[in-house]
Amino acid sequence: MYVTEAIDQTSAFTKNITSIQEMLAQLDVICTTAPEYIVDKNARVLFPMSALCVDMMATPEGKALFRIDSFNEALRAILKTWAAYLDSQASCWVLN
């Protein structure tokens with residue numbers, strides 16, 4: 001419930017995520033993609049998962065959501081999956 005409400009509350013000022021399904025799809029992309037080095041100093045996306053969640057964290061429901069241990073443990077598991085991918089040969093395509 002908190003996730004849906006946080007997404008709805010962010011919709012007023014951004015369209016980064018519009019549904020739980022879209023959030024999960026974007027997390028899937030993040031976990032199977034290595035971030036590329038961006039020379040543009042004005043580029044603001046340094047950590048893709050943070051970019052995905054930052055708007056939700058700024059809402060009242062998001063603040064409550066990110067205080068729930070089980071939600072944070074689920075995010076931690078996703079981060080570990082991404083870390084395993086980044087440690088693998090599959091992510092080396094972004095290296096020079």
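Angle between the Cα long axis of helix 48-57 and the longest principal axis of the chain, 0 to 90 degrees, nearest 10?
The angle comes out at about 10 degrees.
For the chain, with only Lys/Arg (+1) and Asp/Glu (-1) charged at the beta-carbon, what is the dipole magnitude about the Cα centre, in debye rounded to 20?
For this selection, approximately 220 debye.
Which one of SER70, SER88, CYS53 is farthest out on the positive end of the charge dipole of region 40-96, using unit charges on Cβ (Lys, Arg +1; Asp, Glu -1) and the Cα centre as origin?
CYS53
Quick check: pseudo-label points 7 Å beyond the Cα along Cα→Cβ at ALA90 and PHE66, how many nm apart are they?
Calculated label separation equals 2.8 nm.
Ranked from highest to lowest mean number of other Cβ atoms within 10 Å per residue, what is the order of the peptides 49-56, 26-33, 15-22?
The densest-packed peptide leads the list: 49-56, 26-33, 15-22.
Dividing the Cα radius of gyration by the Kirkwood radius, what Rg/Rh value follows for the chain?
The Rg/Rh ratio comes out at 1.00.
Got the relative contact order for the chain handy, in percent, Cα pairs under 8 Å and 6 or more residues apart?
About 39 percent, as a whole number.
Which value in deg cm²/dmol, rounded to the nearest 500, describes the helix-derived mean residue ellipticity at 222 nm for the chain, given -39,500 (n - 2.57) per DSSP H run of n ≥ 4 and division by the residue count?
About -17500 deg cm²/dmol.
Could you calculate the contour length gain from ALA77 to GLN9, that is, 0.36 nm times the residue separation minus the distance between their Cα atoms, to one decimal place in nm?
Separation in residues times 0.36 nm, less the Cα-Cα distance, equals 21.9 nm.
Pull out the extension gain between TYR37 and ILE20, defined as 0.36 nm times the separation in residues minus the alpha carbon to alpha carbon distance; nm, one decimal.
Full-extension gain reported as 3.3 nm.
Each value in this text was obtained by applying a stated rule to the coordinates, not by laboratory testing. What you are looking at is a predicted structure, and each value in this text was computed from that prediction instead of being measured. A quick note on method: Cβ atoms are made from the backbone with ideal geometry, for glycine too, and the neighbour counts reach across all protein chains shown.
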